[in-house]
Every structure is written in C-alpha cells, then in structure tokens.
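J.: Mind having a look at this structure? Questions to follow.
The values are calculated or read from the model by the stated rules, or taken from the named source; none is laboratory data. The structure presented is a predicted model; accordingly, all values stated were derived computationally and were not measured. Quick reminder, even Gly has a Cβ in these numbers, built from the backbone with ideal geometry, and neighbours come from all protein chains shown. The accessibility values were calculated without ligands, DNA or RNA, using every heavy atom of the protein model including side chains. Shrake-Rupley method; radii C 1.70, N 1.55, O 1.52, S 1.80 Å.
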Amino acid sequence: AEYMGRAKLDHFRFIVFVMSWQSPKLAYSPLMGASPKVLAKAARTASSPNVAFSPKLGITSNNIRLSPKTSPRFGALEENYASLNEAGKPTVSQEISSGYLYGQLANVAKMAVWWSVFSPLIIGLLQSEEALGYTRLSFNLALVVVSPIAGVLAERIAVRKLLNVTTTARMFIWVVLIPVIYVLLKSELVNTTQFPDLFYGLLLALFFFDGASVAMSNVVDIDCGGLDLLGQQHEIEITDHTRNKFNSTHQMVFDASFIFFAPLISFLVYETSKQLGDSEDVTLAAVSDVASLLGGMAAVFLCLSLLSLYYYNRFIPSMAEHIEPTADVSVTEQTKSVVAGIWDGAKICFRNRPIGWRLFFLALETALEDSMVSVCIAAVALNTSEIFADKSHAALGNLWCSAVIAVGKVGAFCAGLFMNRFWHVPEANHTNEYRKLFWSVFLGGCSVLLLPVSHLLVQREQLMAARVAVFAASFLFFMFSTAPKIGFATLLQGLAAEEEASGKIFGFVATFVTAMDAIIILVLSSIFKAYEGDMQTALWISAGVFAAHGVLELLLGPWLVLGTPTPTRSSSVEKDSKQPL
C-alpha cells in the first residue's frame, strides 16, 4: 500500500486487475471499471519501474509501478515492456532460473536415495562391510582428482551442457552398466559360472567414474555456486535474496527426501523383493533382495534423471550468452594454477593454527557423520536379525536403514531450526557461544555409544528397547552434530576472511575433507570386517572412535581453535600505563 499511493480499495483493484491477465472475465468487475484491453493499453504508456509484485507472472520490482495520475479509480500501471510479455508469463530469466531449480531438486532427491540405499546395496552385492570402504575410497578418489579440472572446465563450458553430460553419465552407470555386469558376472541369472573378482574390479572402476561425474556436476550445483555461474553465462542478476531462496529450498528438499522419499522407495523395494522371493524361479528368488535394490536404484536414477534433463533442456538455452574462457591459457595450465592455489591454501592452514585445527576437526566431523550413515547404521541394520535383518535379507535391512537415517535427519532438522532462530554469531571467537558448540560435539560422539548398548539389550532379549536405542542414537547424533557444523562453518569463514585468501583456503578444505572422509569410512568398515561375527566388539570399537573424537574436541578444541581472548584496546592502554617510562 505504501507504493500504491492509494487506499486499500485501489490495492484490491490492482490485485483483481493482475488476476485478469489470467482470467479475462474478472476484468469486467465493477470494481475495475475497465476491460483488460483498456488497462493493458494504459499500462504500456509509461516506463518508470518501481513496485515489486509476483515473480510467477513475470512482474518484478524492475517491471511495474502504480501512479495515481491517470485514473481516479485505479491509477495507471507503468511497466518496462521489454521485460514483461503481454500474456503475463514469466520472463526469460525467471524461466531459466526456475528450470535450473526444478532440475536440481530432482537431482537432490535422487542423491538422498543414493545415500540411503548405497550401503545396503554394496553389502548385499559383496556380502562384506569392508567393501563399503573400498567403494567409497574409489568414489572419493575421483572427487579429489577431478574437482580441480572440473572447476576449470566450468568456466569454459555452458552450465546446461555440463548438467546434461553429468546427469546422463550417472544415469547410464546406474541404470545400465551396474545392473548389466551384475547379471552377467555375479547373479547366475544368465551364466552359472560367477566371476566375483572381475565384478568387484569393474564395480570399483564404475564408482570411480561415478565420482568423476559428481565432481563435474558439483561445480554447477546450487550448493556449490552453480546459480551464480548460470547467472553469469545468461546475464541474469543473482541477488543474495535469490541465493538464499534457492539454497534454502535445495536444503529443505534434500532433508525432506531423506525423511519421506527414501523410506518410501525402500518400502517399495522391500515389497518387490517379497514378490520376487515368492517366484517359482529358484534362481530369481535367490537374488530377489539384491535385484530389487538394484532395480529400485535404477528406477530412481532413470525417472529423476530424465526429469532433471527435461527441465534443463526445456528452460535453459542451449547457447550461453556470456562465456569468456581464457583463450591464451590451456586447460592444463589453468588446472596447474588451481592445484597451486590449493597448495597455497594448505600452507596457510599449516601456518595458521586456528584455521589448521578447525579444518582438521571439520574433516573428522564430516567423515564421522558420513560413516554413521554409510557404515555404522548399515552394519547394525544388516547384522542384527533379531531386531532388523541380516545380509541375506538386504531389502529388509535397507528399509530399516532408511528409517533410522530418516529419524536422524529429523534430529538434524530440529538442530538447524534452533540454530536459525535462537543462535547468534558471537562478535569474538573466544566467547562462550562457540565453546558451547564443543560440548555439542562431545554429546554427539557419546550418543553413538547407544549402538553397542542396543546389542547388549538384544542379548538380554529386550528387543523393543534395543530398537529404540538404535533410533535414539541416530536422532541424538545428528541433532548434536548439526549445530556445531552450522556454527563452526561461520567461524571458519571468518578465520579465512582474516587471511584474505578464502578461495585458496576453501579449495584445500574441500580436498582435505574429501580425502579424510574416504579414510575414516575405510577404517571403520575394516573394523567391522576384522570382527565379523563379533558384532558387539565391532560396535564398541566404532562407538569408541566417535566418543574419542568428542572428548578430543571438548578438551583441546577451545584452546587450539579459539585461542585466548585478544586484549581490548582499553586493557592494553591500561597495561602500558603501568610500565615505567
């Protein structure tokens, strides 16, 4: 109403008028006093933009404003005709950004299923927790190797092309290649002779290429700066409001997919496995669980990848308007420059104690959080038949695994909501607000001790209490781990800004965290392999690693990362005044 310059009645008339662009019958309302043709003609007579309105109609703050000059009952609608078509449809820039967003949301829902189903699938395929470590090592190795090259190529190739290539590559790997090599080399559905070693080797190779595809797509994803790159290539203005809207929507859909979509897919996979298990074909019944998991993953990748490709190709132009590659610098030279920047970031981290230790703790936190999903929860779900399942019933174990992860994500959502509403960034690094976060890390690590406790309850035949303990461990771990992740991210960004080398530091952060992630997952999966058949010991050792990390951060974190309070100017002056002249 402030911008309308009129009473509420005029405000209501304006809303009815805008609705008339979609429903011409509304335009003849007595409130309006004019037909849509008359009003549209009046609207195109001016050119001063001021008033913000619905982006769904293509009307933004750069399009329209109201003026009381020409009509005593309504006022005049002034628009920038170049950016608003006569049908009231979204502008080209809005179509591009919306198509990009919807394609990314389909992709992130697919990734939530990948995270939930990956571990039960690998355990079902290879009947070993240790295989989790080596498959993730292959995947993460590709991320470390390809990411610097991907960053260079992103400046030379259109966003749409990168999205199309990486989405199609992952779809081909999961829909065609992995199912085919399983059928030919491992399942006995075609050949009675199995080639398990060859299958394992090819699987590791495919996961490396899958990781390379993810590395290439990361640079054009919403959460890694892809929106800004899209805006740069298509001359779209990207504001902080737009970034926040896209990032929050992206994260919300990702978390919601863990809570709702992944368990739904797991339930459908389980129902399919039961139907195949009842088949008269003995060979098909024997592989019903693994076949259902592979089929479910393939179906998700096929449907959601095609949905992403539709939005990318339907709304993002094939030719980018603004790509300025460095003509006289080769990809190899640019990649060397990126690697040199990463090494410079490493030297800064080694030289600056707070940054270096914060990076080390961040890598541990990320790796242990991934290990909780990829190793610990999956191992419990597929090795405790009394309350969940065993390896021979991978589909049922996957259903339980998805349910436990979903409950954990609910805890993470609660922590994120708390941090968003009640936590405020401290003005100084040494304040108690940051110190409280170390207690949260400690409590998160200790909560994993409920996993071996659940196994003790199973031995005492307290099965319901054992299930509750597993779900509680997941909920508490993710709840207490999410708050420090949010708070310490702000701290690390501030420390990096003080060095005036954020790009180099975070380039090394991504590389180091990815490498640490693979190592920790490999170590924990090897523990379960080493104590195969002794689940109690494996759980106590693994939970001890989480608890030890919590104790380490609680005792040493404040000293290593926050340091001692910096003296204020007044205190330093007072101290100097006491010194003899």
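J.: Residues to consider are Ala543, Ala538, Ala518; find the one that is under 19 Å from Leu359 (Cβ atoms) and buried (at least 18 other Cβ atoms within 10 Å of the Cβ).
T.: Ala518
Each row is one residue, and each column tells you yes or no for (1) touching a Ser or Thr at 6+ places or on another chain (Cβ under 6 Å); (2) farther than 17 Å from Ala109 by Cα; (3) crowded, with 21+ Cβ neighbours inside 10 Å.
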| residue | (1), (2), (3) |
| --- | --- |
| Gln233 | no, yes, yes |
| Asp240 | no, yes, no |
| Leu264 | no, no, no |
| Thr283 | no, yes, no |
| Ser292 | yes, yes, yes |
| Leu306 | no, no, no |
| Asn313 | no, yes, no |
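J.: Restricting to segment 352-391, count the residues that are of a type in the set (Ser, Thr, Tyr) and within 23 Å of Phe139 (Cβ to Cβ).
T.: The total comes to 3.
J.: So, one more: Do we have any residue at all in segment 371-392 that's of a type in the set (Ser, Thr, Tyr), farther than 20 Å from Phe471 by Cβ and surrounded by fewer than 22 Cβ atoms within 10 Å (Cβ to Cβ)?
T.: The answer is yes; a qualifying residue exists.
J.: Scan segment 198-221 residue by residue and report those that are of a type in the set (A, V, I, L, M, F, W, C), part of a helix (DSSP H, G or I) and either open to solvent by less than 10 Å² (accessible area, probe 1.4 Å) or within 19 Å of Val144 (Cβ to Cβ) (or both).
T.: Result: Phe199, Leu203, Leu204, Ala205, Leu206, Phe207, Phe208, Phe209, Ala212, Val214, Ala215, Met216.
J.: In segment 172-185, which residues are open to solvent by 30 Å² or more (accessible area, probe 1.4 Å) and either modelled with pLDDT of 95 or more or assigned to a loop (DSSP other than H, G, I, E, B) (or both)?
T.: Listed by number, the residues that qualify are Phe172, Val175, Val176, Leu177.
J.: Considering (1) within 19 Å of the chain's Cα centre (by Cα); (2) farther than 23 Å from Gly296 by Cβ; (3) buried (at least 18 other Cβ atoms within 10 Å of the Cβ), say which one Gly225 fails and leave the rest.
T.: Of the numbered conditions (1) within 19 Å of the chain's Cα centre (by Cα); (2) farther than 23 Å from Gly296 by Cβ; (3) buried (at least 18 other Cβ atoms within 10 Å of the Cβ), the odd one out for Gly225 is (3).
J.: A follow-up question, please. Between residues in segment 298-313 that are on the phi < 0 side of the Ramachandran plot and free of Cβ contacts under 8 Å to residues at least 60 places away in the same chain and residues that are open to solvent by less than 10 Å² (accessible area, probe 1.4 Å) and not hydrophobic (A, V, I, L, M, F, W, C), which pairs lie under 6 Å by C-beta distance while being six or more apart or on different chains?
T.: none
J.: Please enumerate the residues belonging to segment 437-465 that are closer than 30 Å to Val253 by Cβ, modelled with pLDDT of 90 or more and in a helix (DSSP H, G or I).
T.: Once the filter is applied, which keeps residues that are closer than 30 Å to Val253 by Cβ, modelled with pLDDT of 90 or more and in a helix (DSSP H, G or I), segment 437-465 yields Ser440, Val441, Leu443, Gly444, Gly445, Ser447, Leu450, Leu451.
J.: Taking segment 468-491, which residues are within 15 Å of Lys436 (Cα to Cα) and of a type outside the set (A, V, I, L, M)?
T.: Phe480, Ser481, Thr482, Pro484, Lys485, Gly487, Phe488, Thr490
J.: Related question: Looking at Ala415, Ala472, Ala489, can you tell me which residue is at pLDDT 90 or above and either surrounded by 15 or more Cβ atoms within 10 Å (Cβ to Cβ) or part of a helix (DSSP H, G or I) (or both)?
T.: Ala472
J.: Same structure, new question: What single numbered condition from (1) in contact with a Phe, Trp or Tyr (Cβ under 9 Å, 6 or more places away or on another chain); (2) free of Cβ contacts under 8 Å to residues at least 60 places away in the same chain; (3) among the charged types (D, E, K, R) fails to hold for Asp255?
T.: Failed condition: (2).
J.: Name the pairs whose Cβ atoms lie under 9 Å apart, with the first residue in segment 189-205 and under 27 Å from Ala518 (Cα atoms) and of a type outside the set (Asp, Glu), the second modelled with pLDDT under 90 and open to solvent by 70 Å² or more (accessible area, probe 1.4 Å), and 6 or more positions between them or separate chains?
T.: Listed pairs, sorted by first residue: Phe195/Leu184; Phe199/Leu184.
J.: Restricted to segment 459-468, and to residues that are open to solvent by 10 Å² or more (accessible area, probe 1.4 Å) and not basic (Lys, Arg), which residue is nearest to Asp370 (Cα to Cα)?
T.: Top of the filtered list is Val468.
Each row is one residue, and each column tells you yes or no for (1) more than 23 Å from the chain's Cα centre (by Cα); (2) part of a helix (DSSP H, G or I); (3) closer than 17 Å to Lys485 by Cα.
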| residue | (1), (2), (3) |
| --- | --- |
| Phe350 | yes, yes, no |
| Ala379 | yes, yes, no |
| Val410 | no, yes, yes |
| Arg435 | yes, yes, yes |
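J.: Something else about it: Return the pairs, sorted by first residue and then second, in which the second residue is among the small types (Gly, Ala, Ser) and in a helix (DSSP H, G or I), the first residue lies in segment 546-559 and is more than 13 Å from Pro484 (Cα to Cα), the beta carbons are less than 8 Å apart, and the residues are 6+ apart or on different chains.
T.: Phe546/Gly444; Phe546/Gly445; Ala547/Gly445; Ala548/Gly445; His549/Gly445; Val551/Gly445
J.: Write out, first by first residue and then by second, each pair whose Cβ atoms fall under 7 Å of each other, whose residues are 6+ apart or on separate chains, and whose first residue, in segment 145-171, is over 20 Å from Phe315 (Cβ atoms) while the second is buried (at least 21 other Cβ atoms within 10 Å of the Cβ) and small (Gly, Ala, Ser).
T.: Val146/Ala212; Val146/Ala215; Ser147/Ala215; Ala150/Ala215; Ala169/Ser213; Arg170/Ser213; Arg170/Ser305
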